[in-house]
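Following: one structure in structure tokens, then a few remarks.
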Amino acid sequence: MTACTECGADVALPDDLEVGEIVDCGTCGTELEVLETAPPSLDRAPELAEDWGE
Amino acid sequence: MRVGILYSRIRQDEKLLLGELRERGHDVEKIDVRKHGFGLDGTDAPLADCDLVVDRCLATSRSVHLTEVCETYGVPVVNSAATAAVCANKAKTSLALADAGVPTPETTVAFTPESALEAIEAFGYPCVLKPVVGSWGRLMAKVESESAAEAILEHKATLGHYEHSVFYVQEYVEKPGRDVRVLAVDGEPIAAMTRSGDHWLTNAAKGGEVNQLDVDDDLADIVADASDAVGGGLLGVDAMETGSGYTVHEVNHTVEFKALNEAVDVDVPAAVVDWLESTAAETAPEVTA
């Protein structure tokens with residue numbers, strides 16, 4: 001568990017956490033980017049940009 | 001092998017790829033492209049020791065530039081800069097497909113709202129207006145009347161970015177409630193699925209239902225030709241079924257395969273890594289005694 005940077009709630013993290021992965025805060029819904037895995041560190045993820053996608 | 005993964009966001013697709021590469025004992029270097037600068041003759045990014053770099057940039061602009069950068073540095077990269085340049089732009093893709101004789105929807109590119117409206121009127125209603133750069137079905141418009149066309153063109157012209165003033169007008173293709181996605185490596189299909197839905201856009205990203213599809217000979221031929229037309233590599237070829245056969249409407253060069261992997265019996269990340277291994281072996285410098 002790591003605290004959401006927006007609302008402070010605990011965020012559940014998968015076991016195979018990757019730097020660069022996006023996790024959702026289950027409480028406020030904010031998309032959070034994983035900055036570090038050991039120990040886990042999160043920050044608000046960048047907003048969707050027009051040229052994103054496959 | 002040592003594999004560099006260019007990324008700015010790790011999606012489920014990249015996690016599948018990373019898991020397969022690590023399971024096979026490959027040395028994986030994740031390269032967050034936001035953290036580095038890329039000079040004319042070098043970079044602080046750890047590219048140089050990579051046997052192969054895989055472009056998994058989520059942002060098309062980064063993908064197009066960084067594949068060029070890798071090739072300039074002499075670092076093997078998939079997909080190639082040429083493939084990225086063609087697939088990143090729908091107008092270039094359409095031209096490449098048409099030039100190679102691959103069936104693709106009739107398309108007109110116009111540069112003013114007035115000439116775009118003329119093109120729309122020439123196609124008749126409904127027709128389709130798409131951004132030349134973009135994905136996941138965003139900002140796609142099914143234009144069903146002149147008044148709707150005028151409103152959409154006015155909105156696009158005021159969006160600000162110059163690319164919205166490149167009006168990509170396309171015939172509306174009646175499809176049987178689904179389209180087809182084939183994942184292919186250098187034209188050879190790995191797996192395929194249909195994407196179905198009630199909406200005219202059936203992308204998986206739009207919530208389309210996905211189901212495994214067996215690739216028939218006609219589809220395999222068209223996929224091979226489409227792959228050749230855009231320069232080959234690891235591609236997602238999107239096609240629609242018409243009364244007279246398949247028509248290819250898009251080729252994706254940083255293809256997502258999570259939904260496909262869930263829909264088919266094939267181990268998609270394993271097949272992709274098989275291809276990466278063979279590609280790295282082909283690009284490795286020959287050792288002479």
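At-a-glance table
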| item | result |
| --- | --- |
| Positive dipole terminus of the stretch B:19-155, leading residue within B:Thr67, B:Gly137, B:His26 (C-beta point charges) | B:His26 |
| Sequence ranges B:31-41, B:264-274, ranked by mean other-Cβ count within 10 angstrom, highest first | B:264-274, B:31-41 |
| Length gained when the stretch B:Lys92-B:Ala122 is fully extended (0.36 nm per residue, less Cα-Cα span) | 8.7 nm |
| Listed peptides B:199-205, B:240-246, B:3-9 by packing density, highest first (mean Cβ within 10 Å) | B:3-9, B:199-205, B:240-246 |
| Violating pairs (Cα-Cα greater than 25 angstrom) within the set B:Lys35/B:Lys206; B:Lys130/B:Lys175; B:Lys90/B:Lys142 | B:Lys35/B:Lys206 |
| Euclidean distance between Cα centres, the stretch B:131-173 to the stretch B:54-111, Å | 21 Å |
| Whole-percent carbon and sulfur share, accessible surface of the stretch B:170-289, 1.4 Å | 43 percent |
| Inter-label distance, nm, simple model (7 Å from Cα along the C-beta direction), B:Ser115/A:Asp43 | 4.4 nm |
| Accessible area in square angstrom per residue, the protein assembly as shown, 1.4 angstrom probe | 46 Å² |
| Debye equation applied to the C-alpha atoms of the protein assembly as shown, log10 I(q)/I(0) at 0.10 Å⁻¹ | -0.65 |
| Cβ-derived FRET efficiency at R0 22 Å, B:Ser147 paired with B:Asp198, nearest 0.05 | 0.35 |
| 10 Å Cβ neighbours from other chains, averaged over peptide B:128-141 | 2 |
| Length gained when the stretch B:Tyr172-B:Arg34 is fully extended (0.36 nm per residue, less Cα-Cα span) | 45.8 nm |
| Other protein chain Cβ atoms within 10 Å, averaged over every residue that makes up A:44-52 | 6 |
| Straight-distance crosslink candidates among lysines, where the alpha carbon sits under 21 Å from B:Lys30 and sequence neighbours closer than 8 are dropped | B:Lys15, B:Lys258 |
| Total accessible surface hidden between A and B, rounded to 100 Å², 1.4 Å probe | 1900 Å² |
| Solvent-accessible area, 1.4 Å probe, carbon plus sulfur percent, for the stretch B:44-135 | 55 percent |
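The values are calculated or read from the model by the stated rules, or taken from the named source; none is laboratory data. Only a predicted model underlies this, so the values are computations on that prediction, with no experimental measurement involved. Glycine also receives a Cβ, built like all others from the backbone with ideal geometry; neighbour counts cover every protein chain displayed. With ligands, DNA and RNA removed, areas are computed over all heavy atoms of the protein, side chains included. Shrake-Rupley method; radii C 1.70, N 1.55, O 1.52, S 1.80 Å.
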